[in-house]
Amino acid sequence: MKPVITIEYCPKCGWLLRAAYMAQELLTTFADDLGGVTLRPSEIGGSYIISLGEEKIFDRKDAGHFPEIKHLKQLVRDRVNPEKSLGHSDRP
């Protein structure tokens, strides 16, 4: 069974579009590696947490910023398909 990513976002902060954009990017890049991306509105203000299965891979509050899509793709790739090339996203 392929892993599923969950993006938990604060709806009061207006972060649904950001979460939807990141979901689209991940689904496009990892079409063969993911079972899906779930968007979950959080009840906690300011929350923006990205998990792969049960593993939290990014938390905006811990990092102090939102993830750049390049970095997020690298985090996901390293867990679901370490051999996958991300093209320009692999460059520093």
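The values are calculated or read from the model by the stated rules, or taken from the named source; none is laboratory data. It should be emphasised that the depicted structure is a prediction, and the values quoted were computed from it without experimental measurement. FYI the Cβ positions are ideal-geometry reconstructions off the backbone, even for glycines, and counts take in every protein chain you see. Surface areas here come from the heavy atoms of the whole protein model, side chains and all, with no ligands, DNA or RNA. Shrake-Rupley method; radii C 1.70, N 1.55, O 1.52, S 1.80 Å.
At a glance:
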{"read-out": "Packing-based order for 52-63, 8-19, using average beta carbon neighbours within 10 Å, highest first", "value": "8-19, 52-63"}
{"read-out": "Inter-label distance for Lys56 and Asp90, nm, one decimal - labels placed 7 Å from Cα along Cα-to-Cβ", "value": "3.1 nm"}
{"read-out": "Folded to 0 to 90 degrees: helix 16-29 orientation relative to the chain principal axis, Cα", "value": "10 degrees"}
{"read-out": "Within the accessible area of the chain (1.4 Å probe), percent carbon and sulfur", "value": "50 percent"}
{"read-out": "Degrees between helix 69-80 axis and first principal axis of the chain (Cα, 0 to 90, nearest 10)", "value": "60 degrees"}
{"read-out": "Per-peptide average of other Cβ atoms within 10 Å, ordering 27-34, 75-82 highest first", "value": "75-82, 27-34"}
